Amino acid sequence: MRKLMVFLLLAVALETAGGTEGADSFEGVVLAYRSSFINGPSVGNITGILVEEGQEVSEGDLLCELDAGVKKANYELYRLQSLDNTYLRSAEVRFAQAERDLERVQTLRAQQTASESDLETAQYSYDVSEIELARRKLEFDRLQANAALALAQLEETRIKAPFSGIVAKKFVELGESTYPLDKRLFH
């Protein structure tokens, strides 16, 4: 590649200096600086092809789209579940109440107006509500992570150009299925 570039630069320099009188063209092969075969990231059906062979594309341009029906539904489900924080909020309220009750019983116990049994009951209630709150927080975090993962999977249905260049070959037609390792989409 470097030799070809040096040769072309030398030829251009000679032509501008008048060293190649009458030469209007050069024979040779132009090689791509970078080449890539693009496969689909997941199994799916092609629902839209947005480029043709020979078309110039920029990095990140959309080349084609895969069927996203199931992935859209999964994303919406997880997104809605991650927005519902009712159980987390009620666990926070129960924990705050148990914390206040424990403090009150500890104060009464220090004044010797509450029994050891009352203190143990309040401590037990506090511990249970603390565990429930931690469980609800984990569940809420899991739902938010599922929504983020579903969004990333939804983005996989949009095949984009990895870099700027020209679509040399299109290997698929509308409605065909893709297979991540076996089926090339574009070159």
Any chance you could give the angle, 0 to 90 degrees and rounded to 10, that helix 116-155 forms with the longest Cα principal axis of the chain? 20 degrees
To make sure I understand the rule: partners must be lysines, Cα under 29 Å from the Cα of LYS170, and not fewer than 8 residues away in the same chain. Which ones qualify? LYS71, LYS72, LYS160, LYS183
Förster-model FRET efficiency, 35 Å R0, VAL43 and ASP84, C-beta, rounded to 0.05: 0.65
Which of (1) 1.23; (2) 2.05; (3) 1.89 is the computed Cα Rg over 2.2 N^0.38 Å for the structure on display? (2)
Consider just the alpha-carbon atoms of the stretch 30-94 and return their Rg together with their Dmax, both in angstrom. 20.8, 72
So if each residue of separation counts as 0.36 nm, and I subtract the Cα-Cα distance between ALA145 and GLU103, what length gain in nm does that give? 11.6 nm
Sorting ASN45, ALA152, GLN112 by the position of each Cα along the dipole of the stretch 28-187 (Lys, Arg +1; Asp, Glu -1; all at Cβ), the one nearest the positive end of that ordering is ASN45
Find me the longest stretch of the chain that has none of the exposed GluC sites (Glu not before Pro), where exposed means in a DSSP loop (not H, G, I, E or B) with at most 10 other Cβ atoms within 10 Å. 60-172
Loop-located chymotrypsin sites (Phe, Trp or Tyr not before Pro) in the stretch 22-120 whose Cβ has at most 13 other Cβ within 10 Å (DSSP): PHE26, TYR33, PHE37
When all protein chains stay in place, what accessible area (Å², nearest 10, 1.4 Å probe) is found for LYS72? 120 Å²
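The values are calculated or read from the model by the stated rules, or taken from the named source; none is laboratory data. Fair warning: this is a prediction, and the values are worked out from it, not measured in the lab. We place every Cβ from the backbone using ideal geometry, glycine too, and count neighbours over all the protein chains shown. Remember, those area values only see protein heavy atoms, side chains included, never the ligands or the DNA or RNA. Shrake-Rupley method; radii C 1.70, N 1.55, O 1.52, S 1.80 Å.
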